[in-house]
Amino acid sequence: MGETTASAAEEVGTCAVCGGTAATPAWTARDTLLGGPGIFSYVRCDTCSTLRMSPRPPFEARRQAFADEYPLFDWALGRKQADPGERISRFSAQIGQVVRRQRPGRLLDVGCGDGYFMLGMERRGWEVKGIELHEGVAAYARERLGLDVVAGAEHEVEWGGPYDCVTLFGVIEDVDDPGALIERCFANLSDGGLLVVQTHNIDSWEARFFKGDWFNTEAPRHVWHFTPSTLERLLEKHRFRQVDLLHYGSSYVTERSIENRRGREFPGTFLDRFLRKAVITPAARLLPRIGQGIMIESYCRKVTV
Ligand SMILES: [Zn+2]
């Protein structure tokens, strides 16, 4: 983690969405999730409002920061005894969205994690392949779930297209060049193929309120922050047509953000528990319905003329 200090970082002079170079300081953030060193600055593009981390630690430093994150999840802790059906059910919304839009074919999940989305899609008749940054997690998906998963960063490995569907769950905010990633999706999709891009929503009220304390700011791993409109603009720039944008809520994210801001556990008091029941949990259900989800998920088609 020593390399993730600002001294190793470089200015990011160009916006991935609009190509603009003018930007204004927005907020700073610490690695509140893992407690790593450094303070990371985000600037807002003056032209399109996309946020980018600048200066930015090089990818190799961030690769280590991702590796440090994995022990937080149960695969790395040897507690992976959960029922696969229960694990798959966490992706039931996404599985349902894909299968009602596309007949079974070949699917690539970029940043596939432990592979349960892929397993769910395989059970729906799809031929699935995954790319996962973390070797240990990729090995889990291969050995325990029998999935075809290659370890490495998406820009380092062969994708092996064409696919009928490519999914990016929580990936686009992590890469140096989101435009290059979307272009690679285009190159590896069949005509009319479906691209799914899930990321957090920096335009949500919650993000605007918590800023650097927002759980999904997640410095230094998240180096881009999109709004619904900047995400769509990026996809259109790379010849995708958005057919749907879904919003999701999460009381977990709200509660962790409160902890980050005030520096102690939530819920800790009777008032906290009341707040959770009366405000936070209902808000996580309501806000996505009014276009204020903390997560957004774009379903788009490759456009060919
Ligand atoms: Zn811009």
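Residue check, ILE258 against (1) of a type outside the set (Gly, Ala, Ser); (2) closer than 25 Å to VAL197 by Cα; (3) part of a helix (DSSP H, G or I), all met but one. Which one? With respect to (1) of a type outside the set (Gly, Ala, Ser); (2) closer than 25 Å to VAL197 by Cα; (3) part of a helix (DSSP H, G or I), ILE258 is out only on (2).
Can you tell me which of VAL12, VAL43 is within 16 Å of the ligand (Cβ to nearest atom), at pLDDT 95 or above and either under 22 Å from THR199 (Cα atoms) or in a helix (DSSP H, G or I) (or both)?
Numbers: VAL12 fails: at pLDDT 95 or above.
When all the criteria are applied, what remains is VAL43.
What residue, of THR32, THR28, THR5, is at pLDDT below 85, touching a helix residue (DSSP H, G or I) at 6+ places or on another chain (Cβ under 9 Å), away from the ligand (no atom under 16 Å from the Cβ) and of a type outside the set (Lys, Arg)? The unique qualifying residue is THR5. If the condition is being touching a strand residue (DSSP E or B) at 6+ places or on another chain (Cβ under 8 Å) and either in a loop (DSSP other than H, G, I, E, B) or free of Cβ contacts under 8 Å to residues at least 24 places away in the same chain (or both), then the stretch 106-124 contributes GLY111, CYS112, GLY113, GLY115. Restricting attention to the stretch 94-142, the residues being surrounded by fewer than 18 Cβ atoms within 10 Å (Cβ to Cβ), among the aliphatic types (A, V, I, L, M) and under 15 Å from ALA153 (Cβ atoms) number 0. Could you please let me know if ALA180 is among the aliphatic types (A, V, I, L, M), surrounded by fewer than 23 Cβ atoms within 10 Å (Cβ to Cβ) and within 27 Å of VAL43 (Cα to Cα)? In short, yes. Meeting the requirement of 2 or more residues that are without any contact (Cβ under 8 Å) to a residue 24 or more places away in the chain, the helices (runs of 4 or more DSSP H) wholly within the stretch 125-244 are 135-145, 205-210.
The values are calculated or read from the model by the stated rules, or taken from the named source; none is laboratory data. In this text the structure is predicted, and so the values were computed from the model without any measurement. Backbone-built Cβ (ideal geometry, glycine too); neighbour counts: all protein chains shown.
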